[in-house]
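A short worksheet on the structure shown next.
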Ligand code: BGC
């Protein structure tokens, strides 16, 4: 069976290698990452496992380095240890995986791919096209994954009819977290509209509290922005921008409004804005230095890891205008095919991740919800239940996160994030300027295969 699968992977790889786009990506990556692996990146890397390493250890690349993220990783590592398989951790710091994705590419190109990796979003289609990923069909079919998973997640882990990743959980991005103690003390209710938001922010400012925590780090700014786009327009328009890369959509008045809202929110943020990692901003919310924070619910995992309690110390509502919607990022692990000596351990890890106890415990720590469509709701707090209800409404209510790699490839994501960040930092830039730039990014990328 192993041989057959090996051959399948190889045969498919041969056909897929014909995809010139993948080879262009590969070459670009080769040149780019030859130069971008910094000594700092190298210093964070543990020694690589030799090809002959016993199958009872799996090296796993990921970017889960905060307290909440570590707790979630520990769930996986300890479950794996019960099966006598060692989780060899290769954690690359950097929110949203900016460092990890570079290190991973360099490892793969050096022929030193890890056995498993956090590999979110559509990028794993490219790796799978190159025949690099282990196909998990023989685990997924008897495990009933198709029936157990939300349809969106099931189609995400598929590439050309094969299952090439295992889903860990679903993060919601359009959350407005707030410090419950401050809100209670000042008699404030969580804002559900933008008018309420401004009223609440005004009162907080008057009380000497920063209304909204925010870092100037590009991906964090863009994470807020994509939630504002969803608030302005709903998932259909959001998809025409970030999934279809439709140049015309970027000139729309809805885009102008979302940009204006992003800039207007600066009034409620700390000044001057500093480039701080997301756990530091979460800390500001926890300590009461800031009263609200828009962030993916990995921030909730962090608050819980610090001993805070949902609905006592903090709580969450959807960002105004997005209560029905779910801006999502699905965390997935993919396995590299390698020499197949690790295949039994890799398959065991995939099976464990898809088991109900692991889905529940991992996601409680991570702040996310299980990828299962019918999880144990009694084990969820109010934020997780709201996330699950919104996601359960189906694809018309779901929006794939651009920043967290669910909507477009790395090139489009990076280009859009950089422009949004520039607009946010430069108050003199007109909305029409950035809209023109974004439209031209979309136009140039649509020439390389995207729809116009
Ligand atoms: C990932 C999360 C992670 C977050 C912060 C997101 O892209 O999906 O798992 O916690 O980045 O680094």
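The values are calculated or read from the model by the stated rules, or taken from the named source; none is laboratory data. Since the model is a prediction, treat every value here as computed from it, not as a measurement. A quick note on method: Cβ atoms are made from the backbone with ideal geometry, for glycine too, and the neighbour counts reach across all protein chains shown.
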Members of region 95-108 found to be in contact with a strand residue (DSSP E or B) (Cβ under 8 Å, 6 or more places away or on another chain) and either assigned to a strand (DSSP E or B) or away from the ligand (no atom under 16 Å from the Cβ) (or both), listed by number: 107, 108
Residue tally, condition more than 10 Å from the ligand (Cβ to nearest atom) and crowded, with 21+ Cβ neighbours inside 10 Å, over region 63-72: 0
Filter pass, residue 183 being surrounded by fewer than 21 Cβ atoms within 10 Å (Cβ to Cβ), modelled with pLDDT of 95 or more, outside any loop (DSSP other than H, G, I, E, B) and more than 16 Å from the ligand (Cβ to nearest atom): yes
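Residue by residue, here is whether (1) within 16 Å of the ligand (Cβ to nearest atom); (2) touching a helix residue (DSSP H, G or I) at 6+ places or on another chain (Cβ under 6 Å); (3) modelled with pLDDT of 95 or more; (4) under 21 Å from residue 230 (Cα atoms) holds:
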site	(1), (2), (3), (4)
291	no, yes, yes, no
297	yes, no, yes, yes
314	no, yes, yes, no
321	no, yes, yes, yes
328	yes, no, yes, yes
334	yes, yes, yes, no
344	no, no, yes, no
388	no, no, yes, yes
Residues located in region 264-289, provided they are more than 13 Å from residue 216 (Cα to Cα), within 15 Å of the ligand (Cβ to nearest atom) and surrounded by fewer than 24 Cβ atoms within 10 Å (Cβ to Cβ): 279, 283
All positions within region 391-402 that are buried (at least 21 other Cβ atoms within 10 Å of the Cβ) and either in a loop (DSSP other than H, G, I, E, B) or away from the ligand (no atom under 16 Å from the Cβ) (or both): 401, 402
Hey, residue 366 within 28 Å of residue 323 (Cβ to Cβ) and in contact with a helix residue (DSSP H, G or I) (Cβ under 7 Å, 6 or more places away or on another chain) or not: yes
Residues of region 276-323 satisfying the condition of being part of a loop (DSSP other than H, G, I, E, B) and under 19 Å from residue 365 (Cα atoms): 295, 296, 297, 306, 307, 308, 309, 311, 312, 313
Search result, residues across region 409-452 that are farther than 23 Å from residue 216 by Cβ and within 16 Å of the ligand (Cβ to nearest atom): 409
Total residues in region 117-141, condition over 20 Å from residue 154 (Cβ atoms) and in contact with a strand residue (DSSP E or B) (Cβ under 9 Å, 6 or more places away or on another chain): 2
Within region 109-123, considering residues that are within 13 Å of the ligand (Cβ to nearest atom) and part of a loop (DSSP other than H, G, I, E, B), the one surrounded by the most Cβ atoms within 10 Å (Cβ to Cβ): 120
Of residues in region 365-386 being more than 18 Å from residue 333 (Cα to Cα) and in a helix (DSSP H, G or I), the one farthest from the ligand (Cβ to nearest atom): 378
Answer residue from region 42-62, given it is in contact with a helix residue (DSSP H, G or I) (Cβ under 9 Å, 6 or more places away or on another chain) and at pLDDT 95 or above and is nearest to the ligand (Cβ to nearest atom) among those: 62
Residue that is farthest from the ligand (Cβ to nearest atom), among those in region 76-94 that are surrounded by fewer than 22 Cβ atoms within 10 Å (Cβ to Cβ) and in a helix (DSSP H, G or I): 82
Hey, residue 351 assigned by TED's automatic domain parsing to the domain that holds residue 134, touching a helix residue (DSSP H, G or I) at 6+ places or on another chain (Cβ under 7 Å) and within 16 Å of the ligand (Cβ to nearest atom) or not: no
Some residue of region 124-147 being part of a loop (DSSP other than H, G, I, E, B) and within 16 Å of the ligand (Cβ to nearest atom): no
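Let's see how each residue does on (1) buried (at least 17 other Cβ atoms within 10 Å of the Cβ); (2) out of contact with any helix residue (DSSP H, G or I) (no Cβ under 7 Å at 6 or more places or on another chain); (3) modelled with pLDDT under 95:
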position: 413; (1), (2), (3): yes, yes, no
position: 419; (1), (2), (3): yes, no, no
position: 423; (1), (2), (3): yes, no, no
position: 426; (1), (2), (3): no, yes, no
position: 436; (1), (2), (3): no, yes, no
position: 441; (1), (2), (3): yes, no, no
position: 447; (1), (2), (3): no, yes, yes
position: 452; (1), (2), (3): no, no, yes
Among (1) in contact with a helix residue (DSSP H, G or I) (Cβ under 7 Å, 6 or more places away or on another chain); (2) assigned to a strand (DSSP E or B); (3) over 30 Å from residue 136 (Cα atoms), the one test that residue 240 misses: (2)
